[in-house]
Amino acid sequence: MSTHLRKANELYRKGNFTQAKQCYEQALSLQPQNAKVLEMLGTLALWENNIEQAIVYLQQSDNQASWWQRRWPFYSQLCSRIAMAYYRKDDYINAALWYAKASGPWPIGPFRTLKVLQRQLAAFRNEQPYVLHGQEETHIPFIMLDPLPVVEVYVTGKGPYNFFIDTGGAEVILQTQLADELGVETYGEIIGDFAGGKKAPMALGKLESLKAGDMLIKNIPAHVHPLTGAEEIFHHPIHGVIGTSLLRHFYTSIDYANRELVLRQLSEHSAGWMETVAQSNISVPFWLIEMHMMMARGNINDLDSSLFFVDTGLGNRGFLASQSLIDLTGFTLDWSKVEASPGGGGEVRSVNFSIDKITLGEGVNRFSKENVTASQHQGELAIFKGVLGFDVEGLISHDFFKQTCLTMDFQKMRLIIQSTGE
């Protein structure tokens, strides 16, 4: 293994994607037919949401792979990456074809998830997903802000229904009872990861339409889940979740300060608005990992920067710490004061504490907040255990963004943070 490749792999494991990319490019200049280097460059292009470049690199990796690298299951990760790139393009036909290859001849264990994804996306057939009808932008008021923002939506022309906003959710999620009432067809179950390291099954289906404000969105992939405990947490009926896959089809603002969700179509006019807002506010670069995970660098107190998952769905908390981060800071947590709360995969036990300062971003592009409410769960999230192939040290969430307007620009991969200063 070359020095450049070894250094690139180490930088990638630490979540230093920008530096890792430079080292992989240097390695490729020395070994232009190295399938693994091409795959990693394709993966990083995918994380940057540079879809066309990702497909080029990943398919070049496919072409250069040795005979054994092209055999299942060794072939599965590369096929999954190519499938994900087509999924990001809303090209579900090609995405389904590559997920079928990734799932292989015996779709058991983790390969079963890939097979269910293939079935779900194939069900769209010649229907274009995320067809939009409506005005250039729409403003949907929150009916509540805490523990998480909730908005009213209409599903397949019926409603209104109460959905909370959660960038930690991949797709639109429908409560099982509502999905049954609406006759939503599903194509199998996958095992989802939830708070406290818990796991629970979710069905994958397809929605005819969802209407939010003046925006009608047709042909939407969806997850179906009981949302057990949601009503207990919100003290209000909850029927579903709006996740990142829908939000990335817009210039989306979760405006905590003005208590509204704003969806702007990806038009030239809205792009101009984005540039104006970006120039006068804090602009934090991020990466889009796997289906939906927005990752950005940040730090707590005066520690070195690390990678944080921007997951707005941690109710009434601003940060969830990994055990490795707790160890690094030397925090002493009082587990005699453990609290139990419902979660998507069952009861979550956690201890709460406060962090003096949390910063999202680096250099001039950073936003800081002091005295942030934080938690640690007794069970670690899978992403804190290295399952993604790189280190993630924390989850930054709801309370951190209070009194701000958080705008997500998936075209230029930046989070725009407008603070009221309150």
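The values are calculated or read from the model by the stated rules, or taken from the named source; none is laboratory data. What you see is a predicted model; the values in this text were computed from it and never measured. All Cβ positions, even for glycine, are placed from backbone atoms using ideal geometry, and neighbour counts span all protein chains on display.
Contact annotation: residue pairs with Cβ atoms under 8 Å, 6 or more positions apart or on different chains, pairing a residue in segment 277-302 that is acidic (Asp, Glu) with a partner that is surrounded by fewer than 21 Cβ atoms within 10 Å (Cβ to Cβ) and not in a strand (DSSP E or B), are Glu290/Leu388.
Annotation: Gln135 fulfils all but one of (1) surrounded by 14 or more Cβ atoms within 10 Å (Cβ to Cβ); (2) in a loop (DSSP other than H, G, I, E, B); the unmet one is (1).
Please verify whether Ala195 is out of contact with any Asp or Glu (no Cβ under 8 Å at 6 or more places or on another chain) and crowded, with 21+ Cβ neighbours inside 10 Å, treating the condition exactly as stated. For Ala195, the condition - out of contact with any Asp or Glu (no Cβ under 8 Å at 6 or more places or on another chain) and crowded, with 21+ Cβ neighbours inside 10 Å - is met. At least 1 residues being of a type in the set (Asp, Glu) is the threshold, and among the strands (runs of 3 or more DSSP E) wholly inside segment 299-384 those reaching it are 339-341, 348-362, 365-377.
Looking only at segment 318-338, which residues are of a type outside the set (Ser, Thr, Tyr) and either more than 27 Å from Pro285 (Cβ to Cβ) or surrounded by fewer than 19 Cβ atoms within 10 Å (Cβ to Cβ) (or both)? Break it down stepwise before answering.
Residues of segment 318-338 of a type outside the set (Ser, Thr, Tyr): 318-321, 323, 325-328, 330-331, 333-335, 337-338.
The answer is Gln323, Ile326, Asp327, Leu328, Gly330, Phe331, Leu333, Asp334, Trp335, Lys337, Val338.
Those helices (runs of 4 or more DSSP H) of segment 181-295 in which at least 2 residues are more than 30 Å from His377 (Cβ to Cβ) and outside the structural domain of Leu44 (by TED's automatic domain parsing), considering only elements entirely within it, cover 268-279. Of all residues in segment 227-274, exactly one satisfies the criterion of being at pLDDT below 95 and in contact with a helix residue (DSSP H, G or I) (Cβ under 8 Å, 6 or more places away or on another chain), namely Leu227. Quick one: would you say Glu10 is farther than 24 Å from Lys412 by Cα and among the charged types (D, E, K, R)? Judged against the criteria, Glu10 is a match. Within the span defined as segment 119-133, every residue fails to be of a type in the set (Gly, Ala, Ser) and farther than 19 Å from Pro221 by Cα.
Taken together, the residues in segment 387-413 that are part of a loop (DSSP other than H, G, I, E, B), surrounded by fewer than 22 Cβ atoms within 10 Å (Cβ to Cβ) and on the phi < 0 side of the Ramachandran plot amount to 8.
Listed by first and then second residue, the pairs linking a residue in segment 356-374 that is without any contact (Cβ under 8 Å) to a residue 12 or more places away in the chain to a residue that is loosely packed, with under 15 Cβ neighbours inside 10 Å, with Cβ atoms under 8 Å apart and 6 or more places separating them unless they lie on different chains, are Ser368/Lys357. There is at least one residue in segment 1-15 that is in contact (Cβ under 8 Å) with a residue 24 or more places away in the chain and more than 28 Å from Gly298 (Cα to Cα). Does segment 14-33 include one or more residues that are of a type in the set (Lys, Arg), farther than 23 Å from Met408 by Cβ and buried (at least 16 other Cβ atoms within 10 Å of the Cβ)? The answer is no; no qualifying residue exists.
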